[in-house]
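The values are calculated or read from the model by the stated rules, or taken from the named source; none is laboratory data. What you see is a predicted model; the values in this text were computed from it and never measured. Glycine gets a Cβ as well: all are built from the backbone with ideal geometry, and neighbour counts include every protein chain shown. Heads up: the accessible areas ignore ligands, DNA and RNA and are worked out on the full protein's heavy atoms, side chains in. Shrake-Rupley method; radii C 1.70, N 1.55, O 1.52, S 1.80 Å.
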Amino acid sequence: MEITEYTKGDVVILTVRGRLDALTSPQLDQWCATLLERGVRFLLLDIHGLEYMSSAGIRVLYRTLGEIEGKKGNLVIANAGETIKKVFDMVDLASDIPLYGDLETALKGLRPEGP
């Protein structure tokens with residue numbers, strides 16, 4: 001798995017590529033934990049290059065969501081491919097973590113009530 005990070009205003013965008021499974025999920029978990037320790041409250045995961053996600057990856061997303069909501073922040077996901085969308089549908093993940101088709105819409109979705 002490959003993770004890259006960049007910032008747009010007060011939003012951190014992580015681009016995740018490859019496989020998010022039991023072997024690689026600790027890497028994403030640690031990355032997110034470090035961001036939260038730094039005080040990040042708005043996190044966007046761009047997963048256009050994510051090929052596979054196991055239950056271990058889902059656990060990382062839920063753990064991150066819980067922590068970021070505790071900071072009065074928000075987590076959204078953009079650019080999921082069809083395979084990943086099927087995983088989201090199976091576990092109804094999109095009801096807890098909004099899934100957007102592109103980055104700009106996802107950025108707007110981080111603050112549905114406005115700036």
Requested in this report: Run the accessible area of the range 18-80 with a 1.4 Å probe and give the carbon-and-sulfur part as a rounded percent.
Outcome: 52 percent
Query raised in the report: What list of ³J(HN,Hα) values in whole Hz, one per residue of the range 40-54 in order, does the Karplus curve 6.51 cos²θ - 1.76 cosθ + 1.60 (θ = phi - 60°) give from phi, with Gly and Pro shown as x?
Result: 5, 10, 10, 10, 10, 9, 9, 10, 4, x, 7, 9, 7, 9, 9
**Report entry** 1.4 Å probe accessible area per residue over the chain, in Å²
**Finding:** 52 Å²
Query raised in the report: Taking every DSSP beta bridge that has both residues in the chain, what percent is antiparallel when rounded to the nearest 5?
Result: 30 percent
Report summary line: The answer for Phe42, listing residues at least 5 apart or on another chain whose modeled amide H is closer than 5 Å to its amide H, is Val12, Asn74
Requested in this report: Only helical DSSP H runs with n ≥ 4 go in: add -39500 (n - 2.57) per run for the chain, normalise by residue count and round the 222 nm mean residue ellipticity to 500 deg cm²/dmol.
Outcome: -12500 deg cm²/dmol
Report summary line: Any DSSP H helix in the chain with Cα axial reach of 15 Å or more and mean Kyte-Doolittle score of at least -0.5? Listed by number, the hits are 25-37, 55-70
Report task. Could you pull out the longest piece of the chain with no exposed loop trypsin sites (Lys or Arg not before Pro) in it, calling a site exposed if DSSP puts it outside H, G, I, E, B and it has at most 15 other Cβ atoms within 10 Å? Result -> 73-115
Query raised in the report: If you keep only loop residues by DSSP, which GluC sites (Glu not before Pro) in the range 12-115 have at most 10 other Cβ atoms within 10 Å of their Cβ?
Result: Glu113
**Report entry** Rg/Rh ratio calculated on Cα atoms of the chain (Kirkwood radius)
**Finding:** 0.92
Query raised in the report: How many Lys pairs in the range 1-108 lie less than 26 angstrom apart by Cα atoms, where the lysines are 8 or more positions apart or on different chains?
Result: 8
Query raised in the report: Using a simple charge model, +1 on the beta-carbon of Lys and Arg, -1 on the beta-carbon of Asp and Glu, nothing else, what dipole does the chain show about its Cα centre, in debye to the nearest 20?
Result: 200 debye
